[in-house]
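Read through the structure below, which is laid out as structure tokens, and then see the notes.
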Amino acid sequence: VDKAPIFRAMNSIYEKDFYAGNSDFYASTSEATKDFGSKIQSTIRERDLKLHGPDPSNLKPSISFEAPIIYCEEAQAQARVAILRIGDSSFTSSVAVTTRDISAKAHVKYIPHSEILVFRPGEWRKEIVIDIINDDKWDCTLEFEVVLSNEGIQNAMLATYAHSMRVKIIDGDAFPTQKFRQQLLDMKEDEIKKPLLLLEYFKMNFTNPIVRVGTIKILLVDMIGNLRFVVDLFLDMYIVDYVLCPSCNPDMALFNLLLISILKVGFFPLEHYLEYRKNFWKVGGTSRMTLQANLLRKYLSYDEQSLSEINASKLTLALTRDCTMMVQKGFGQIPKFANDLSRLVLIIFYQTFTPLALGKELTLANVLQRIIPVIFFPIVMACFLLFRNRTVLSTLHAVHNSQNAMLHQVRQTVLNNRLIQDYKKRGVFVDRFVETIKQYNGALVAAQAVSTNNTLFAEWCVLSVLVIYIPVVGMMVVDDRLALGTFLNNIAIIKALGRMCTQMYEVVLTMQSTFQSLSTVTHFMNLPTDSLHRSKQNQQNLKQARAAMKQLDGACCPADLLCIEMRSLHFRYNPKGHIGIALSPSSMMLPQGGFYTLVGPPSEGKGTILKLLGEVLIPYFPGFERNVADGSGELLIPPHVRALHVSKDPMFTQDTLLENLTFGCIKDTGDDSVERVLAICTKLGVPNHLLRTINESKLRCKWLEMLSSTESALLHIARALVANPEILIIHKPALFLNTEMSDIMYTVLKEYVSNRGLCVSNSSYHERRPRTCIISARRVQGAGAAVADAVFTVSLKTGLRRLNTDEETENNKG
């Protein structure tokens, strides 16, 4: 099929009727803006035809998702995923689509879906519905993947990049449970009693199947240990009163002693094996991973307000220390506490029913002298704990805060090391750190002193009971009213009760030490994120794009004809002190496939516009309350393409240079080949020694300290080009480059736009989506403006204004 007439007809309809009243988004777009968009689009189309010719007649349509990411609230119960057929739609095409787990698991967060999609002649958009499982269990925003596959594909080809997409499920539940939802979401977790909040965390963690099964196993293993303890008590009493007593049968002594020895040893091999197996039941690891992974997910989704308020040192400690403490010293103490409690119950049963089992008469006096010590210890210890609770919590709180302050000072020293060196302030920062160490040491000594006194209280209770019990009950042994074995057995039980109460106190104290960590993690887990706002913006963007494409329903998919458009878009940052910025209402239309430059004075809004276009900032829109920024107007970004925002400041991870340069590549596309990376770096003029490092070296280091500013800037831009996005947005790409290097870089960016990518096969040009590049530059007279298809000036007062051709020509001459 010769598609040239189809596209000519489609473009004609687009130019004439694209903005007709079916779309509210375009209803108030100015005629000047529309005319400008049509002219630029015609220029781009003529350039493409001149460089690459018309589309081949045998070119298959490309099948891709409508958007690389969509959002779905858990309460919505369904996620709608759209698939586009871009290209000739005059025949039947089919493709397989299926879901795949990422952090969201099938049958837990969503119902898996798989089918063969069939596009009938004239159809270029299909939609599938995926059921979402709504529950009361807390989760972060989790995601699963929907993928297109070549299995069953007919009369089409998969898009290079948009053949997979992610569905993000937004969970609106509070952490850890919904019981204190209002206080938690209002950031009033300090109003909640910490033992109750800790109990809710235990409930939440216990809903995890791995944690639940593992915890039950641990409780059963501990019960075996308690049974062995009771059996040992009985055997110790039996050997004195029924085997080694003067009146016992000496002929049976050896047999009884051997039997007792076997019974004492018999439990231990099983107990040893089960204690060993505890390490592989994943209770602690799964619990920690749940907290740490979800807290990091939360942090990466925080809105601007949350990011501006968090303390990085506290967040670091929350991810490492606090999550670990909540698991090890919080949830991990449940089996220990249950173990001590069950041992207490077993001792009560033992003291009550052992005489009956041995055929002895159980009088009230015997019951009291056997049971009173068992009840005495827990009651006294509970009263003591309540009395000392306020002191314990205050000392633990002081230790926690002083440790936070110490880490914060270390972080400030590391981050400001160069400033400290330049201004010779080493001694000042050392003194500050020493002061935080002193505060931590003082708080730790106070907490340890309180803990020591509290721990030894149980031993004082044991000694107090024994001082009374030994002479009083001992005389009963002298008068033959009580067997010696029973007397010794009771003394052993009293000592065991003392140890048990000490252990229970230590468990309670350990749990109390997690209260501050619990508050910190709970606070971070419930901070506002931008997920819901992004979801609403995503839905509005899709709605606007669909309305814009609706004009051509029945023809080829016009996704590549969608323009990037701002219509009277106003944005205002929340002021901090006397610092604030507000972008005046701005409008522009940027057809795909063009090179556009924003120029203007410093700090006048160029970076803000680029962040809005790159979806780093989210614009305000009606129906959604915005805390961080306010504004009006609308923004349309073609949803089927990838937009990459590149900041002005180079950034690198501590990986190899090759891994840094392929950081943004999508798997299995071939974009991350070493040959392509080196070719792009060569085009940009990256020095030879860095090319050799990329190709050969496995060095991992702090690259910003190793590279010059110019080298860092070149590699920073190279990484963006290697990633090969459809919309490339770069803020001040020439900031660290001289004039010659800037000219080379702008030429490479222009080539990237004209060829729909860099260092890729010319034969696949018509299969690729258009490439759009939007940059900011310092002045109109520079090379960045000279190579652009359109230039816009930006200022806070007038907003964004397009320079006409005469202005551009005059400025470039100047």
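The values are calculated or read from the model by the stated rules, or taken from the named source; none is laboratory data. It should be emphasised that the depicted structure is a prediction, and the values quoted were computed from it without experimental measurement. With ideal geometry, Cβ positions are generated from the backbone for all residues, glycine too; neighbour counts draw on all protein chains shown. Side chains included, ligands, DNA and RNA excluded: accessible areas come from the protein's heavy atoms. Shrake-Rupley method; radii C 1.70, N 1.55, O 1.52, S 1.80 Å.
Some values worked out for this structure:
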{"item": "Residue-level accessible surface for residue 472, protein heavy atoms, 1.4 Å, Å²", "result": "90 Å²"}
{"item": "Beta bridges by DSSP in the chain, antiparallel share as percent, to the nearest 5", "result": "65 percent"}
{"item": "Charge sum, other residues only, whose C-beta stays under 12 Å from residue 654's C-beta, Lys/Arg counted +1 and Asp/Glu -1", "result": "-1"}
{"item": "Selection from 414, 695, 312 lying farthest towards where the dipole of the chain points positive, charges on Cβ", "result": "414"}
{"item": "List 350, 276, 440, ordered by accessible area with a 1.4 Å probe, largest first", "result": "276, 440, 350"}
{"item": "The stretch 667-796 - accessible surface per residue (Å², probe 1.4 Å)", "result": "41 Å²"}
{"item": "Residue 120-residue 76 FRET efficiency (beta carbon distance; Förster radius 25 Å; 0.05 resolution)", "result": "0.30"}
{"item": "Of 761, 377, 147, farthest towards positive along the dipole that unit charges on Lys, Arg, Asp, Glu beta carbons give the chain", "result": "377"}
{"item": "Paramagnetic reach from residue 185 (point 7 Å along Cα→Cβ, amide N under 16 Å) across the stretch 56-88", "result": "73-76"}
{"item": "Dipole magnitude of the chain, debye to nearest 20 (Cβ charges: Lys/Arg +1, Asp/Glu -1, about Cα centre)", "result": "1000 debye"}
{"item": "Gain upon complete extension [residue 692, residue 651; 0.36 nm per residue less C-alpha separation]", "result": "12.7 nm"}
{"item": "Net lengthening on full extension, residue 45/residue 178 (0.36 nm per residue, minus Cα-Cα)", "result": "42.3 nm"}
{"item": "Solvent-accessible heavy-atom area per residue, rounded to whole Å², over the stretch 204-262 at 1.4 Å", "result": "56 Å²"}
{"item": "The chain: calculated mean residue ellipticity at 222 nm from DSSP helix runs of at least 4, using -39500 (n - 2.57)", "result": "-17000 deg cm²/dmol"}
{"item": "Net charge contributed by nearby residues that have their C-beta within less than 15 Å of residue 162 (K/R +1, D/E -1)", "result": "+3"}
{"item": "Additional length obtainable on full extension of the chain from residue 669 to residue 219, 0.36 nm per residue less Cα span", "result": "156.9 nm"}
{"item": "Fraction of accessible area attributable to carbon and sulfur, the stretch 305-454 (%, probe 1.4 Å)", "result": "64 percent"}
{"item": "For the stretch 463-542: accessible area per residue (Å², 1.4 Å)", "result": "38 Å²"}
{"item": "Relative contact order (percent, whole number), the stretch 279-393, Cα cutoff 8 Å, 6+ residue spacing", "result": "22 percent"}
{"item": "Length-normalised contact order for the chain - Cα pairs under 8 Å, 6+ apart - percent", "result": "14 percent"}
{"item": "Accessible-area composition of the stretch 212-292, carbon plus sulfur, in percent [1.4 Å probe]", "result": "71 percent"}
{"item": "Lys/Arg +1, Asp/Glu -1 at C-beta; the chain dipole; positive extreme among 221, 442, 734", "result": "442"}
{"item": "Overall form of the stretch 45-177 per C-alpha gyration tensor (a/c, 1.5; a/b vs b/c)", "result": "prolate"}
{"item": "Residues in the stretch 283-324 reached by a label modelled at residue 414 [backbone nitrogen below 14 Å; 7 Å Cα→Cβ]", "result": "312-321"}
{"item": "Carbon plus sulfur fraction of accessible area for the stretch 160-204, probe 1.4 Å, in percent", "result": "51 percent"}
{"item": "Three principal axis lengths of the stretch 373-510 [C-alpha, angstrom, descending]", "result": "88, 23, 17"}
{"item": "Set of aspartates and glutamates near residue 648 by C-alpha distance (under 18 Å), chain-local residues within fewer than 8 positions excluded", "result": "604, 615, 705, 711, 743"}
{"item": "Simple spin-label estimate for residue 249 and residue 428 in nanometres, 7 Å along Cα-Cβ", "result": "9.1 nm"}
{"item": "Neighbourhood charge, 15 Å Cβ-Cβ cut-off, centred on residue 778 and excluding it, Lys, Arg +1 and Asp, Glu -1", "result": "+2"}
{"item": "Protein-only accessible surface order, largest first, of 95, 265 at 1.4 Å", "result": "265, 95"}
{"item": "Anchor residue 278: aspartates and glutamates whose Cα lies under 17 Å away (excluding residues fewer than 8 positions away in-chain)", "result": "222"}
{"item": "Subset of 188/438; 168/194; 298/611; 702/732; 314/336 violating a 25 Å alpha-carbon distance limit", "result": "188/438; 168/194; 314/336"}
{"item": "Surface accessible to a 1.4 Å probe, residue 257 within the full protein complex, Å²", "result": "60 Å²"}
{"item": "Accessible heavy-atom area order of 281, 703, highest first, probe of 1.4 Å", "result": "281, 703"}
{"item": "Read-out Cα Rg over 2.2 N^0.38 Å, derived from the coordinates shown; its label in [x] 1.06; [y] 1.29; [z] 1.15", "result": "[y]"}
